[in-house]
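Remarks on the structure that follows.
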Amino acid sequence: MQYKYNIITFGCQMNKNDSERMESVLCNMGLEKVGTPEEADVIIMNSCSVRDSAEDRIFGGARNFAKLKKNKPNLIVAVTGCMPGRDKDKKLFKKLQKVDLYFPTADMVKLPDMLCKLNPDFRKINLASTNLLSTDDKLVLGLDSEYLKITPKYKNDFQAFIPIQTGCDHFCTYCAVPYARGREKNRPLQDILEEIKKLAKNGCKEITLLGEIVNHYVALDPEFFSKENKYSKNDFAKLLWEVNQVEGIERIHWTGPHPIYMDDEVIDALTLPKQINFLHLPVQSGSTEVLRKMNRKHDREFFIDLIKKIKAKKPGISIGTDIIVGFCGESLKEFQDTVDMYKECDFDISYPAKYSTRSGTVADKAFKDDVSIEEKKRRWFVLQDLMKEITYKKNQKFIGKTASVLVERYKDGICAGNSSEMRLTHFSGDKSLVGKIVEVKIKKADTWLLEGDMV
Ligand code: SF4
């Protein structure tokens, strides 16, 4: 019998990359990927804990899949990702209906064992004896970061996510990541570079380096940095330089940095030739008092100066950010500080989020979630409207200019992909352009779309 799986991924790019690794494991067990949960024998929800709404979707999914079990009693429903990671006392698990497996991300190395226990018909594999692992080392599976040694089933040949670290030590007071993913662990430099070189040989053009604080990367094996490396202090800047040397890689993207580690070397690395013309730099609030309560370790002025410094070093760079509205005790004046800062920094894009308490965090224990839901919504719309206005105006400036676009998709005569400034761009073309970087002269610009003709 051909068993089938379906993975549903919520949340960030790190989760997407983790799902790619799980896909590898399941394919090696002989399972076939299907497009809908209804067709699957194994359904895995890779959860996100960033907000209540993200966890609500897991509860809803579990309820729906429990109904499928009536007609398919052997159906296995699993939940992994941030939710089991942070749910040490299993309070959330108790609210989930009929979930068979509930495991933190790093435990995906045990997935073959766990599945075979539930259904002995599954093909049991030992990951260390397959070609799934990216190095030949003798591995003691089960250690937290070793799941990163599983070679992912990449979403396509020309783009790949490369995690360089997991976890975080910063404990911003609102954030569940340090509880869900544990303390910061950096991946060996040699593993990272080997993975990228192998990808480049197979035609990969764009890589996205991932970490909770990518620019806090510390190489465990610095001896693998080249002697010619342009940088000497910051390991992340050094890593960017190394990746720039990899033949075949044409675009480098990274997410997410922390403002306090944007030192001179990292800012300089934004000018390396393969670096895309975009930086996502989360600020969360424009109020010094709110930033202090969030434990962000910098104030409003520091951030505004940093943006000025970055723009001076790399004029024309597009900058995006994350903002939380309605954090505990955020006053109207403090929210206005965020609005004013937004205008001053002139962000190209932002991802505003309405604050919601994450159980177990410092904010949950120490502060009151006292901004009403209606007021949070109002503030969210203020920022959203401001973003749309600024983004639309900024996009108009692309008209008549040429954008460098990596073509990701083709449908009905239209090619689509992101420009180096991370603007979705459409132009007429053919299927053979998918995976190629082309120059597009922009003739029309909307808030979320640039349109043009291939040069
Ligand atoms: S830096 Fe703060 S927001 Fe980012 S993952 Fe760490 S604790 Fe969470």
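Among the residues of the stretch 242-263, is any without any contact (Cβ under 8 Å) to a residue 40 or more places away in the chain and polar (S, T, N, Q)? Among the residues of the stretch 242-263, at least one is without any contact (Cβ under 8 Å) to a residue 40 or more places away in the chain and polar (S, T, N, Q), which makes the answer yes. The residues listed here are PHE398, PHE367; of these, the one that is hydrophobic (A, V, I, L, M, F, W, C) and over 30 Å from CYS175 (Cβ atoms) is PHE398. Residues of the stretch 175-193 that are assigned to a helix (DSSP H, G or I), within 16 Å of the ligand (Cβ to nearest atom) and either touching a residue at least 24 places away in the same chain (Cβ under 8 Å) or under 22 Å from PHE224 (Cα atoms) (or both): VAL177, TYR179, ALA180. Of the set (1) hydroxyl-bearing (Ser, Thr, Tyr); (2) within 16 Å of the ligand (Cβ to nearest atom); (3) modelled with pLDDT of 95 or more, all apply to SER232 but (2).
Quick one: LEU220 ticks every box in (1) of a type outside the set (Val, Ile, Thr); (2) modelled with pLDDT under 95; (3) within 11 Å of the ligand (Cβ to nearest atom) bar one, so which box is it? With respect to (1) of a type outside the set (Val, Ile, Thr); (2) modelled with pLDDT under 95; (3) within 11 Å of the ligand (Cβ to nearest atom), LEU220 is out only on (3). Filter the stretch 300-312 down to residues that are surrounded by 14 or more Cβ atoms within 10 Å (Cβ to Cβ) and charged (D, E, K, R) and give me whichever is farthest from the ligand (Cβ to nearest atom). Checking each candidate, the answer is LYS311.
Would it be correct to say that LYS274 is within 16 Å of the ligand (Cβ to nearest atom), crowded, with 17+ Cβ neighbours inside 10 Å, basic (Lys, Arg) and in the same structural domain as HIS170 (by TED's automatic domain parsing)? In short, no.
The set of residues from the stretch 417-439 being polar (S, T, N, Q) and assigned to a helix (DSSP H, G or I) comprises just one member, SER432.
Does GLU250 fit the bill of being closer than 21 Å to ALA200 by Cβ, away from the ligand (no atom under 12 Å from the Cβ) and of a type outside the set (A, V, I, L, M, F, W, C)?
Values: closer than 21 Å to ALA200 by Cβ: yes; away from the ligand (no atom under 12 Å from the Cβ): yes; of a type outside the set (A, V, I, L, M, F, W, C): yes.
Yes; evaluated as a whole, the condition is true for this residue.
Only one of the listed residues (ILE196, ILE207) is in a strand (DSSP E or B) and either in contact (Cβ under 8 Å) with a residue 24 or more places away in the chain or within 16 Å of the ligand (Cβ to nearest atom) (or both). That residue is ILE207.
The values are calculated or read from the model by the stated rules, or taken from the named source; none is laboratory data. Just so it is clear, the structure is predicted and the values come from calculations on it, not from any experiment. Every residue, glycine as well, gets a Cβ built from its backbone with ideal geometry; the counts of neighbours run over all protein chains shown.
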